[in-house]
1. Any residue in the stretch 223-246 that's in a loop (DSSP other than H, G, I, E, B): show its pairings with residues that are charged (D, E, K, R) at Cβ separation under 6 Å, as long as the two are six or more apart or on different chains.
2. Just give me the residues in the stretch 245-255 being small (Gly, Ala, Ser) and either crowded, with 16+ Cβ neighbours inside 10 Å or in contact with a Leu (Cβ under 8 Å, 6 or more places away or on another chain) (or both), in sequence order.
3. Can you pull out every residue in the stretch 40-70 that is touching a residue at least 12 places away in the same chain (Cβ under 8 Å) and in a strand (DSSP E or B)?
4. Residues of the stretch 142-177 being within 19 Å of ALA193 (Cα to Cα) and not charged (D, E, K, R), which ones?
5. Could you identify the single residue in GLU219, GLU233 that is at pLDDT 95 or above, in contact with an Asp or Glu (Cβ under 8 Å, 6 or more places away or on another chain), in the same structural domain as LEU293 (by TED's automatic domain parsing) and surrounded by fewer than 18 Cβ atoms within 10 Å (Cβ to Cβ)?
6. I'd like to check something: does the stretch 167-176 contain any residue that is in a strand (DSSP E or B) and surrounded by 14 or more Cβ atoms within 10 Å (Cβ to Cβ)?
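The values are calculated or read from the model by the stated rules, or taken from the named source; none is laboratory data. Everything quoted here is computed from the prediction, not taken from an experiment. Cβ: placed from backbone, ideal geometry, glycine included. Neighbour counts: every protein chain shown.
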Amino acid sequence: MKVDSITLHRIAMPLVRPFETSFGRETERIVLLVHLVTDAAEGWGECVAGSSPGYSSEYVEGCAHVIEHHLAPLLFDAAEVRAEDLDRLFAPVVGHRMAKAALEAAVLDAELRASGTSFARRLGAVRTEVDCGVSVGISPTIDQLLDEVRGYVDAGYRRIKLKIKPGWDLEPVRRVRERLGPDAALQVDANTAYTRGDIAHLQHLDESNLLLIEQPFDEEDIASHVLLARAIETPVCLDESIVSVGVTVDAIERGATSIVNIKPGRVGGYLPAVAIHDACLARGIPVWCGGMLETGIGRAMNVALAALPGFALPGDTSASDRYYAEDLTEPFVLNDGRLTVPTGPGSGVTVRTELVRAWAVQPPRLLKRQ
């Protein structure tokens with residue numbers, strides 16, 4: 001394909017309830033969307049970066065700048081554009097994986113729509129439905145947390161993930177475990193909020209019989225995760241640390257992680273995500289698909305990824321109404337705790353362009369091949 005134009009859309013979507021992690025509290029999501037037009041088809045991609053560089057060094061305006069001034073020119077200058085070649089094509093731009101992933105998603109969507117192929121088939125999905133978990137933010141009180149968890153259990157979610165941080169960990173986790181019972185799937189996510197000095201404290205989480213503890217330490221501190229994994233029975237899962245196949249294999253071989261969270265936006269796209277999945281599968285390491293409050297665009301692609309054989313645990317591929325009263329695509333609805341994998345060409349969903357226009361916070365930025 002040849003890329004004719006790229007339009008960058010910035011929209012604001014209110015969350016149905018505030019979402020708080022150790023990084024901060026969100027009441028709406030500012031979304032950067034990529035609409036790519038080629039000589040064969042059109043495609044959409046979603047950038048998972050936040051509005052500020054709190055969770056990651058990447059953020060919406062930074063990603064838009066990198067796309068406009070550095071990545072888009074590489075696409076426009078290419079004699080032919082294929083998703084499988086983007087890693088090489090984008091190599092002159094160091095890092096900026098979230099920006100690259102948004103463009104890769106749009107290129108894949110267009111490429112697959114042109115050939116009549118679904119994301120699921122292209123990535124190697126083996127299931128038609130995926131088990132769904134839900135991520136529960138930090139609540140003002142434990143009673144409010146228990147009420148929120150009960151609502152998700154009643155909705156049918158097959159796994160509960162609790163956000164934790166120093167001062168909000170052992171007691172809320174214990175109370176939720178008591179409410180769920182001993183066998184329900186429960187895990188925690190620290191989002192790098194702890195340090196090596198907290199290992200003795202984190203050992204007490206073993207009492208709550210958790211599926212895993214996710215990313216307690218800084219993403220660059222693999223060594224402390226190794227020490228924690230040796231000190232506790234709860235499996236250690238890496239999230240923010242996982243940015244490439246090489247880093248993933250190194251962390252596994254050093255004993256820093258026995259479960260891996262794969263987020264396509266964090267690793268540079270869906271094809272790099274598949275490569276990490278394949279490396280983990282070859283080593284017997286289970287993976288699951290993390291979430292970044294995606295709209296239906298990113299959710300459709302994540303659901304397809306989560307249908308690959310190595311995704312052995314429920315991911316954060318929640319239904320649309322977990323975060324949004326109205327979605328940018330047809331809504332994803334839970335059915336017995338599962339979501340159906342889209343089978344249509346490309347992402348398999350239709351973008352509601354009238355909502356893209358209605359929710360815009362800036363005029364769209366049109367980039368064209370010269």
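1. What qualifies is ILE232/ASP206; GLU233/ASP206; THR234/ASP206; ASP239/GLU214; GLU240/GLU219; SER241/GLU219.
2. ALA251
3. Listed by number, the residues that qualify are GLU42, GLY43, TRP44, GLY45, GLU46, CYS47, GLY50.
4. Within the stretch 142-177, LEU162, ILE164, PRO166, GLY167, TRP168, LEU170, PRO172, VAL173 qualify.
5. After ruling out the rest, the residue left standing is GLU233.
6. Of the stretch 167-176, the ones in a strand (DSSP E or B) are 168.
Adding the requirement that they be surrounded by 14 or more Cβ atoms within 10 Å (Cβ to Cβ) leaves 168.
Yes, there is a match, as at least one residue in the stretch 167-176 is in a strand (DSSP E or B) and surrounded by 14 or more Cβ atoms within 10 Å (Cβ to Cβ).
Yes or no, residue by residue, for (1) touching a Lys or Arg at 6+ places or on another chain (Cβ under 7 Å); (2) closer than 26 Å to ALA64 by Cβ; (3) not assigned by TED's automatic domain parsing to the domain that holds LEU33:
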| position | (1), (2), (3) |
| --- | --- |
| ILE259 | no, no, yes |
| VAL274 | no, no, yes |
| LEU305 | no, yes, yes |
| LEU334 | no, no, yes |
| TRP359 | no, yes, no |
